[in-house]
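A short write-up of the structure that comes next.
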Ligand code: SF4
Ligand code: SF4
């Protein structure tokens, strides 16, 4: 049975965060049970985009600071790394404040660039190998420091999705391309990658999360969730429960349940610390996407593709023609004329929503499909 520790946390006050993370480890026998003197520990925060910490796009610097303090006291060597969608981990860490907040701990920063292979010897796994950042493999332990946010493609990004940052930048589009419009395939890959990396511990920063047009351009939302677990899957199951999102609605939760993973079922998880009822969160806003996997035959879906799939929606008033969407689109489905327009070739578009995720100005949102509009109306009248 998996365990998740919850500590209701009101602010990012340095002492409050440190004490509460120590408390979280306490429910698992203390941080010393997981880490030993001299070990090289890699911290993997969410460094999606270069934004100030108050925008809650990235894991908050105080979470990283607290983790560094705990590891330093044990005598570990600390490395902090990620592979942001655009720009470098160091540039993002500087902008969001992580770089400055941990400089006294002597932590090294690394932008994941070179990869090495993890082989998986398990009949139960579909993916038999992953190319991940060399630093992940070289570290003795990995600590996953995720942020709770809404997500245009997966609905939510939390602990499982955060380890996708272990895939170096150039290889990420290949995974999107392999998955195509099959979001469950992508979710399965995210889960199996997370299990292959096997973080020693996972902390979820939902003191403030992001709702709406996440993961980069949504609204900050106070949630008071600080949680930890050995299992990313269990952590996400509990966090989704707290924000009242059904396990079948977000893709990694749904697929984890299909895989019958330990930690995918709320009733089978031991919750330590605060109780679920201590968090009274309602109305968490999700992106305008519902279901890329509606159950009709594939051939019919192909014909009805225009009606059944959500689309990227562009707001020219917000666009500054920075070209990031054009550069990150794995399907080369974007046509851009600087100062004039951006057009999406919806026949090529694989609905990965990397453009929506990485647009720095919130000029791209997810447009609900016609099918989903009808389905919502139908559900309201049932
Ligand atoms: S839509 Fe966003 S990412 Fe694309 S060019 Fe405009 S501002 Fe840049
Ligand atoms: S246009 Fe946007 S959603 Fe479509 S494939 Fe390109 S990045 Fe993905």
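The values are calculated or read from the model by the stated rules, or taken from the named source; none is laboratory data. The structure displayed is predicted, hence computed values, not measured ones. Positions of Cβ are generated from backbone atoms using ideal geometry, with glycine treated the same way; all protein chains shown enter the neighbour counts.
Counting the residues of the range 272-287 that are at pLDDT below 95 and buried (at least 18 other Cβ atoms within 10 Å of the Cβ) gives 2. When the range 111-143 is limited to residues that are without any contact (Cβ under 8 Å) to a residue 60 or more places away in the chain and crowded, with 20+ Cβ neighbours inside 10 Å, the one that is nearest to residue 230 (Cα to Cα) turns out to be 133.
Hey, can you tell me all the residues within the range 347-356 that are near ligand 2 (Cβ under 8 Å from one of its atoms) and either in contact with a helix residue (DSSP H, G or I) (Cβ under 9 Å, 6 or more places away or on another chain) or over 27 Å from residue 51 (Cα atoms) (or both)? Within the range 347-356, 348, 349, 350, 351, 352, 354, 355, 356 meet the criteria. Of the strands (runs of 3 or more DSSP E) that lie entirely inside the range 146-230, not one contains 3 or more residues that are surrounded by fewer than 24 Cβ atoms within 10 Å (Cβ to Cβ) and out of contact with any strand residue (DSSP E or B) (no Cβ under 7 Å at 6 or more places or on another chain). Close Cβ contacts (under 8 Å, 6 or more residues apart or on different chains) running from residues in the range 202-226 that are at positive phi to residues that are in a loop (DSSP other than H, G, I, E, B) comprise 212/218; 212/285; 212/286; 212/287; 224/8; 224/9; 224/10; 224/279. All of 209, 165 fail the test of being at pLDDT 95 or above and either farther than 19 Å from residue 117 by Cβ or not assigned by TED's automatic domain parsing to the domain that holds residue 115 (or both), apart from 209. If I filter the range 325-341 for residues that are surrounded by 17 or more Cβ atoms within 10 Å (Cβ to Cβ), under 27 Å from residue 46 (Cα atoms), within 21 Å of the chain's Cα centre (by Cα) and more than 7 Å from ligand 2 (Cβ to nearest atom), do I get at least one hit? No.
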